[in-house]
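So the structure is just underneath, and the comments pick up after that.
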Amino acid sequence: MKDSKVCPACSDEMERSATTCPSCGKHLHRRFYLKASIVLAVLVIVKLATAPSAEQSSLALVNDIETLVNARADDGVDPKALHLVFAAPNDYTIIQRIYKERSVTGKIVEWRHEVREVVESGPNRYRVRTGNTDVALGAFVTINTRSSTEVAQLESLEAGDEIVFRGRIAGITKRHVDIESAILLGVPTY
């Protein structure tokens, strides 16, 4: 038979499409799992080969911090206007909110916000959640620290304290401004 295969248990020939050997009754597994494993392994290798190295990622982070240190905040991003569009309830449609989000994504802002939560998210990286107010949306801010002083300042923050940061808007989620890359400019004391 040209289109046949051999049973691994009894060595009898059978049709290639058979799932059970007609001679001995052995259930024959198709090589699906083997093929799927090979495809998965190839995808993982491709992903690893195209992923940036730790050195490249570190260099990109340093460049991003340097850009933020030297950047000026975009005056066109008004926290009150964002609050009007995104805070619930409001009179804006989803499409209007999408357009507004697109218009501010990538912009650099310098804001003062009240802290709600601080979580360490990696070496020299902290995720700070700030609260909503009557005139401003809260924010999820990823702050890249530049010194042990900044680390100490962030780790000593309590809910209700304020921070001043400069960062790049990545989008708006859960009615909060998502700022993926930011630097700490100060922790005001009263």
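We did not get these values from a lab; they are worked out from the coordinates using the rules stated. Worth saying up front: this structure is predicted, and the values here are computed from it rather than measured. Positions of Cβ are generated from backbone atoms using ideal geometry, with glycine treated the same way; all protein chains shown enter the neighbour counts.
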Residue by residue, what Karplus-based ³J(HN,Hα) values in Hz, rounded to whole numbers, does the stretch 82-99 have, using 6.51, -1.76 and 1.60 with θ = phi - 60° and x for Gly and Pro?
-> 4, 4, 4, 7, 9, 6, 9, x, 8, 9, 9, 7, 4, 5, 5, 5, 4, 4
Most packed first (mean Cβ within 10 Å per residue), the peptides 75-82, 17-24 order as 75-82, 17-24
Only residues of the stretch 91-127 count here: report those whose backbone N is under 18 Å from the spot 7 Å along Cα→Cβ of Thr133, or say none.
-> 109-117
Evaluate 2.2 N^0.38 Å with N set to the residue count of the stretch 4-50, then give the Cα radius of gyration divided by it.
-> 1.67
Ile95 and Asn63 label points (each 7 Å along its Cα→Cβ direction) are spaced in nm at 3.8 nm
Under a 5 Å amide H to amide H cut-off, with H placed in plane at 1.01 Å, what residues pair with Val177 once short-range neighbours are removed?
-> Gly138, Ala139, Phe140
Spatial separation of Cα centroids for the stretch 81-124 and the stretch 149-190, in angstrom | 13 Å
Grab the beta carbon distance between Ala71 and Thr149, set R0 = 25 Å, and tell me the FRET efficiency rounded to 0.05.
-> 0.70
So what is the relative contact order of the chain, in percent, for Cα pairs below 8 Å that sit 6 or more residues apart?
-> 17 percent
Two pseudo-spin positions, 7 Å from Cα along C-beta at Asp78 and at Lys174, lie apart in nanometres by 2.8 nm
Relative to the present Cα-Cα distance, how much length would full extension add between Ser53 and Ala88 at 0.36 nm per residue of separation?
-> 8.4 nm
Can you sort Arg129, Arg166, Arg112, Arg72 by how many other beta carbons sit within 10 Å, fewest first?
-> Arg72, Arg112, Arg129, Arg166
What FRET efficiency would be calculated for the residue pair Ser37, Lys5, taking the C-beta separation as r and a Förster radius of 22 Å, to the nearest 0.05?
-> 0.60
How long are the semi-axes of the ellipsoid equivalent to the stretch 57-186, from square roots of 5 times the Cα gyration tensor eigenvalues, in whole Å, largest first?
-> 25, 17, 12
Calculate how steeply helix 54-70 sits against the longest principal axis of the alpha-carbon atoms of the chain, using the helix alpha-carbon long axis, and give the answer as 0 to 90 degrees to the nearest 10.
-> 20 degrees
Please give the calculated 222 nm ellipticity per residue for the chain, where each DSSP H segment of at least 4 residues contributes -39500 (n - 2.57) and the sum is spread over every residue; nearest 500 deg cm²/dmol?
-> -10500 deg cm²/dmol
Partners for Lys174 among lysines (Cα-Cα distance below 21 Å; same-chain residues under 8 apart left out) | Lys80, Lys100, Lys107
Among 116-122, 173-179, the order from most to least packed when residues are scored by Cβ within 10 Å on average = 173-179, 116-122
What's the extension gain from Glu120 to Thr19 if we count 0.36 nm per residue and subtract their Cα-Cα distance?
-> 31.0 nm
